[in-house]
Amino acid sequence: MNIIYILLGVVALVGLWLIYVYNRLVRLKMRSDEALSDIDVQTKRRFDLIPNLIETVKGYMTHENEVLTKVTEARSKVASGGDTLNRAESENMLSSTLKTLFAVSENYPDLKANANFLDLQRELADTENKIQASRRFYNSVVMDLNTAIETFPINFVSSVFGFFKKDFFKAENEEKENVQVKF
């Protein structure tokens, strides 16, 4: 009779451990989904600020229509783009064109002094910082999830219940280069 109680105790402990591991994996997956959503929220905020910035800049930058066109095109690519991870390349291109726009704006003292432009520039810089923080947080959560999924013996539980590794956000090659401003 004692052996039956011991076996039932072992089965109960294994069951409790499986429940704990499953719930931990679910929590990590949900955190990664939330982190991905945070990135989406910040990129949407940036997306909404860009038309205001372009309208403010248009009156001053008559010679740099190409820069404004590139910003508009990059914004359109983001708008047409799929899920958050697939839109990352378009978002990176948009970041690059915004950097070019701000670099070109240095040649327009009246624009640099314009209160609307300064406010929008601050808002976009703040949003870019929030996007980067959201991406770092997402990568941190994905690292925790991927580590848990690949750790023995949790890897058996994760494969049985269908938990899979997620991809990290990575900077595109264009984002790693210096912004080139040509006149």
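What is the sum of charges around E34, taking Lys and Arg as +1, Asp and Glu as -1, for the other residues whose C-beta is under 14 Å from the C-beta of E34? If you can, show how the numbers build up before the last one.
Numbers: positive: R27, K29, R31, R135, K166; negative: D33, D38, D40, D144.
Result for the neighbourhood of E34: +1.
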Calculated FRET value between S140 and T69, using beta carbons and R₀ = 45 Å, to 0.05: 0.75
Protection proxy ranking, peptides 157-163, 97-103, average beta carbon neighbours within 10 Å, highest first: 97-103, 157-163
Label-point gap, in nm, between M30 and Y5 - each point 7 angstrom along Cα→Cβ: 3.7 nm
Spin-label pair V41/K170, simplified geometry with 7 Å Cα→Cβ offset, distance in nm: 2.8 nm
Cβ-based exposure ranking for Y22, Y138, in which fewest neighbours within 10 Å come first: Y22, Y138
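Read-outs: derived from the displayed coordinates by stated rules, not from any lab. Bear in mind that the values here come from a model prediction, so they are computed numbers and not experimental data. Using ideal geometry, Cβ is built from the backbone for each residue, glycine included, and neighbour counts are taken over all protein chains shown.
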